[in-house]
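Below is one structure, written out as structure tokens; comments come after it.
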Amino acid sequence: MRKFFCGCSNHGLKSSGTQSSEPGIVHSRRGFLAGGAALGASILLPSCASNMVSKAKPHRIDIHHHIVPPSYAAFLDSKGIRGTPKWSVQMSLDDMDKSGIATSVVALMQPGAFFKDITTDRRLAREANEYAAKMTKDHPGRFGSFATLPLMDTDGSLNEIAYAMDVLKADGIGLMTSYGTKYLGDKQFWPIWEELNRRKATIYVHPLLPECCRNPIPGLPPSAIEFATDTTRTIASMLFGGAANRFPNINWIWSHSGGTMPFLWSRFTRQEVDMKEEAKAVLPNGVLAEVKRFYYDTAQGHHEGAMQALRQLIPVSQIMLGSDYPYRDGMEVVQGLADRSFTAAERFAIDRGNALRIMPHLRTIS
């Protein structure tokens, strides 16, 4: 039995329930709620969130955590690409410990393995995947990995899926929202989705600077608007191009609370109406049913407006904690979620339970 106390007042919560052999899974509903209440104590006491994190055992799973392998940083520098964030494995671990994050499922920073050269893209993907695999081996339970693919190269992607998932034991796949003018619903990628659908894989998707909109507003970084918008574009391509319905076994995770999709929802439903008979072919269950099957992380999307809009569409079971480290620190999202109106059980699901439900073999400390 563990008690959690906040230094601001003499509050305490008790934890009970028998743990299963899988870390973070509680056998009974009563045990789940009690465990969620204990681990989510900082939700009930948001003003003490930082203090609670320092006292509680790390339990959170971060599914939006970037890595910058040294060889990748050197490659970007050789191409004159600036703005690479400072990062190291130890920096990740230090921030995770401060934020109560037990495990981070890491993915290569944008633009991933997309430099329009087959040899280069294959090499970068392989190097990044082996680097992430070494992290998981060197720090048991602290890291999982979303493997990078040279997505514009179908054969190379299929080979890398087999190597990353069967040999390196990656927990899923990490992709970008767009590759040049191609969005993820494009039929060019369907042979790759076929294989990942067969494997019932989880795919985490991160935005990048799209081909269409390099710098439309002088003085404003394109990422300020275009990243969230590119997420919306690729979600739309998946829905209205038919890929979401065609590959139902893939668990798609969209960054930043779904980008601008929740705010544009009436336009999505209107598009479904305007497509008429075609909509029945590509969205036989309706656009809302597909959106509710997707998963969404909380990185830079944990403020009240984003959370309220997202929760109007999807249940809490589809929301996962994401930090966006090293672009943001973990405490930003921990505090942001503490300020939202989640119950302790809902917060435990977001922090940990939802990730383990779709990645049950993820090795994590508990």
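The values are calculated or read from the model by the stated rules, or taken from the named source; none is laboratory data. Predicted, not measured: the structure shown is a model, and the values here were computed from it. Because the Cβ atoms are built from the backbone with ideal geometry, glycine has one as well, and the counts that use them run over all protein chains shown.
Key figures
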| read-out | value |
| --- | --- |
| Matching residues, segment 333-363, being over 23 Å from Thr136 (Cα atoms) and not assigned by TED's automatic domain parsing to the domain that holds His302 | none |
| Residues located in segment 44-76, provided they are within 20 Å of Ala113 (Cα to Cα) and at pLDDT below 95 | none |
| Number of the condition not met by Ala309 [criteria: (1) assigned to a helix (DSSP H, G or I); (2) closer than 25 Å to Ser145 by Cα; (3) at pLDDT below 95] | (2) |
| Among residues of segment 288-306, those that are assigned to a loop (DSSP other than H, G, I, E, B), in contact with a strand residue (DSSP E or B) (Cβ under 6 Å, 6 or more places away or on another chain) and not small (Gly, Ala, Ser), counted | 1 |
| Hits in segment 324-363 (condition: part of a helix (DSSP H, G or I), among the aliphatic types (A, V, I, L, M) and under 14 Å from the mean Cα position of the chain (by Cα)) | Val333, Ile350, Ala355, Leu356, Ile358 |
| Enumeration of residues in segment 284-331 that are more than 30 Å from Leu93 (Cβ to Cβ) and of a type in the set (Asp, Glu) | Glu290, Glu304 |
| Residue within segment 193-202 that is closer than 20 Å to Leu264 by Cβ and of a type in the set (A, V, I, L, M, F, W, C) present | no |
| Criterion (among the basic types (Lys, Arg), within 19 Å of Leu356 (Cβ to Cβ) and without any contact (Cβ under 8 Å) to a residue 60 or more places away in the chain) met by exactly one of Arg328, Arg293 | Arg293 |
| Residue within segment 200-209 that is farther than 19 Å from Leu108 by Cα, touching a residue at least 40 places away in the same chain (Cβ under 8 Å) and either in the same structural domain as Met152 (by TED's automatic domain parsing) or surrounded by fewer than 22 Cβ atoms within 10 Å (Cβ to Cβ) (or both) present | yes |
| Positions within segment 125-169 being in contact with a Pro (Cβ under 7 Å, 6 or more places away or on another chain) and either touching a residue at least 40 places away in the same chain (Cβ under 8 Å) or more than 16 Å from Asn197 (Cα to Cα) (or both), in sequence order | Ala125, Glu127, Ala128, Tyr131, Gly156 |
| Residues of segment 85-130 classified as part of a helix (DSSP H, G or I) and within 19 Å of Tyr327 (Cβ to Cβ), total | 12 |
| Among the residues listed as Asp117, Asp97, the single one being exposed (fewer than 15 other Cβ atoms within 10 Å of the Cβ) and over 14 Å from Pro70 (Cβ atoms) | Asp117 |
| Those residues of segment 319-355 which are of a type outside the set (Phe, Trp, Tyr) and touching a Leu at 6+ places or on another chain (Cβ under 6 Å), in sequence order | Ala345, Ile350, Asp351 |
| Residue among Gly174, Gly185 that is on the phi < 0 side of the Ramachandran plot, assigned to a loop (DSSP other than H, G, I, E, B) and in contact (Cβ under 8 Å) with a residue 24 or more places away in the chain | Gly185 |
| Residue that is nearest to Ser178 (Cα to Cα), among those in segment 260-287 that are touching an Asp or Glu at 6+ places or on another chain (Cβ under 9 Å) and either at pLDDT below 95 or outside any loop (DSSP other than H, G, I, E, B) (or both) | Val287 |
